[in-house]
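The block underneath contains the structure these notes are about, expressed in structure tokens.
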């Protein structure tokens, strides 16, 4: 009887001893898994900190876009109301502001190269949106390229090409340039006709070629 009890205790002790490495291994695996999860959380926190400068930049850009909304508010209002002539004049005011010159006559062709593409694209999008794609810088550049225009032709200042382009936009008639006041300020105007007054610069075709080059470089 006693011998039997001793044998049972011995077997129990043996089973317990044999299971101990397995229990310790399971506990170790559990601890390692918890540690791995904790490290993953720490890495996520570090990633957020690393992305912080980029997030700050994005917020700054959003604030700038909010400011742009106010800058272009008047142009948008004129276009939404179908006041094409007023919108054309406002476009001149915007370009003067973007060039950081006090008036149109003081804007040199070289100043155009410093106007941000994003600013010109906003003006273009507004004209295009409210004219159902009929007006805007993008349409004007497209017609210029269809006639064979390129960066090279703007450098060469191909005036014959500029004249052909003016005829395509409805700015020329019977071999002569029309005065701005004689243009059609409605949706019945030729496609690409507006904005128009801005192109009538004191620098003539030189400014036209410089501005076309800027639009082409901005990938309109």
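Here's the yes/no breakdown for (1) at pLDDT below 95; (2) outside any loop (DSSP other than H, G, I, E, B):
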position: 86; (1), (2): no, yes
position: 90; (1), (2): no, yes
position: 98; (1), (2): yes, yes
position: 135; (1), (2): no, no
position: 142; (1), (2): no, yes
position: 145; (1), (2): no, yes
position: 165; (1), (2): no, yes
May I ask you to list the residues in the stretch 114-124 that are loosely packed, with under 15 Cβ neighbours inside 10 Å and part of a helix (DSSP H, G or I)? 117, 118
With respect to the numbered conditions (1) modelled with pLDDT of 95 or more; (2) exposed (fewer than 12 other Cβ atoms within 10 Å of the Cβ), which one is the sole condition not fulfilled by residue 153? (2)
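If a residue has to be under 20 Å from residue 81 (Cα atoms) and in a loop (DSSP other than H, G, I, E, B) to count, how many in the stretch 185-205 make the cut? Step through it out loud before you land on a result.
Here is the first cut: in the stretch 185-205, the ones under 20 Å from residue 81 (Cα atoms) are 185-197.
Among the residues that remain, those that are also in a loop (DSSP other than H, G, I, E, B) are: 185-196.
So the answer is 12.
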Condition check for residue 187: modelled with pLDDT of 95 or more, over 29 Å from the mean Cα position of the chain (by Cα) and assigned by TED's automatic domain parsing to the domain that holds residue 91: no
Looking at (1) within 24 Å of residue 81 (Cβ to Cβ); (2) surrounded by 15 or more Cβ atoms within 10 Å (Cβ to Cβ), can you tell me which one residue 182 breaks? (2)
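The values are calculated or read from the model by the stated rules, or taken from the named source; none is laboratory data. As the structure is a prediction and not an experimental result, all values here were calculated from the model. Quick reminder, even Gly has a Cβ in these numbers, built from the backbone with ideal geometry, and neighbours come from all protein chains shown.
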